[in-house]
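Read the structure below first, then the notes.
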Amino acid sequence: MRIAQVAPLIESVPPKHYGGTERIVSYLTEELVRAGHDVTLFGSGDSVTQARLIPGCRQSLRLNKQCVDHLAHHLVMIDRVLEHARDFDVIHFHTDYLHFSASRYLRVPHITTLHGRLDLPDLIPVYDRFRHIPVISISNAQRRPLPSANWVGTIYHGLPQELFRLQPNPGNYLAFLGRICREKRADRAIEIAKRAGMPLKIAAKVDPVDRRYFKRVVEPLLQQSHVEWIGEISDREKNDFLGNAHALLFPIDWPEPFGLVMIEAMACGTPVIAYDGGAVSEVIKEGQTGFIAKNVEDAAEAVHRVPELSRAHCRKVFEKRFTVTRMARDYVKIYKRMIDRRMSGVDRCIESSRREITACRRAFENSKIKDAQLHI
């Protein structure tokens, strides 16, 4: 199958450090190549892939200090996708709704995986206008705010099975991994660790848009003796960071679309203590791979219950539900369905055209007969 993967240009594929969407695009792309598909990746020029790469820009935009307008680069990339569209059996977009007005006219089958939150009122007119665009959710919770969108499936994220290894013997600290922003609540994690009486290590990035929040809310809390600030880390560093943790804290304050860090922790055998929101209850099995807390007190108590959970079982759940092999297999099923649907539509058009031609031919023959009768 000839497949195009269209990634955002903010981070490289895979990202150097933080970047959930581009990381998933990378895992999926490489797995599809491994499975024998002919894959083309549209992404930043500093991406690393076994697929054919068509760069949308020379360098990932977050690392390009000269870049002011991200949209301009994405517009150019989308136009390149349209230019090459006939080369593919299916096009898989990961660029939110940016391409909708152009892809509605594509004759090539296409799908769009939505990676972000969808509970924003501004999105309602977009998905009303483009309700024919086939979209995929990354959790069932993610799609609830937009029930009228053209949902063709829910596919959970997956990781390469060998990316992380089971660490059966945890350390004596709690871990927070992700992005510093209001929604992720690093401040809440600091308070949970304090009440539980355990050290907390924070490995996170701070985007420019969240710099003020970090300075005002989080940075003052880092002075506490039980907190260690690490900063951004790579996948290679994640294995030890998560694997050696007593538990991962995920005290979110928003409708999480998926929560990639939760399955990264599970791949290491590390249980997750999370606040309920969005996809959390779809990913974490209460009392098996972690605990879902209602408040700080609940979460602190859950820290002491972690030894009740089996780290080997956490890993087994990951292997059963959240591998890239399963994810790629699910996507290929939908690719084939979209291709079959398009082909059946083409067949209907051809049959309809044949009927029209036959009707016209009969009408023409009848008119000739009538004309001959008039002359007689």
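Picking from Leu75, Leu32, which residue would you name as being among the aliphatic types (A, V, I, L, M), free of Cβ contacts under 8 Å to residues at least 24 places away in the same chain and either closer than 21 Å to Thr323 by Cβ or surrounded by fewer than 21 Cβ atoms within 10 Å (Cβ to Cβ) (or both)? Break it down into steps so the answer makes sense when it comes.
On the way: Leu32 fails: free of Cβ contacts under 8 Å to residues at least 24 places away in the same chain.
Unique residue meeting the criteria: Leu75.
Does Glu219 satisfy the condition of being closer than 27 Å to Pro170 by Cα and either without any contact (Cβ under 8 Å) to a residue 60 or more places away in the chain or in a loop (DSSP other than H, G, I, E, B) (or both)? Working first, answer last.
Numbers: closer than 27 Å to Pro170 by Cα: no; either without any contact (Cβ under 8 Å) to a residue 60 or more places away in the chain or in a loop (DSSP other than H, G, I, E, B) (or both): yes.
Criteria not met by Glu219.
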Residues of the range 120-163 that turn out to be within 15 Å of the chain's Cα centre (by Cα), of a type in the set (Ser, Thr, Tyr) and in a loop (DSSP other than H, G, I, E, B), as a count: 2
Test: residue in the range 99-111 that is aliphatic (A, V, I, L, M) and either buried (at least 21 other Cβ atoms within 10 Å of the Cβ) or at positive phi (or both): yes
Residue match in the range 311-329 (condition: closer than 13 Å to Ala247 by Cβ, out of contact with any helix residue (DSSP H, G or I) (no Cβ under 7 Å at 6 or more places or on another chain) and at pLDDT 95 or above): yes
Lone unmet requirement of (1) surrounded by fewer than 21 Cβ atoms within 10 Å (Cβ to Cβ); (2) of a type outside the set (S, T, N, Q); (3) in a loop (DSSP other than H, G, I, E, B) for Pro8: (1)
Residue identified as under 23 Å from Ile138 (Cα atoms), over 20 Å from the mean Cα position of the chain (by Cα) and surrounded by 15 or more Cβ atoms within 10 Å (Cβ to Cβ) among His37, His92: His37
Filter result for Thr289 (among the polar types (S, T, N, Q) and out of contact with any Pro (no Cβ under 7 Å at 6 or more places or on another chain)): no
All helices (runs of 4 or more DSSP H) inside the range 16-105 with 3 or more residues being among the β-branched types (Val, Ile, Thr) and within 23 Å of Lys205 (Cα to Cα): 20-34
Filter result (touching a residue at least 40 places away in the same chain (Cβ under 8 Å) and buried (at least 24 other Cβ atoms within 10 Å of the Cβ)) within the range 281-299: Val283, Gly290, Ala299
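The values are calculated or read from the model by the stated rules, or taken from the named source; none is laboratory data. Remember, predicted model here, so these are calculated numbers, not experimental data. Using ideal geometry, Cβ is built from the backbone for each residue, glycine included, and neighbour counts are taken over all protein chains shown.
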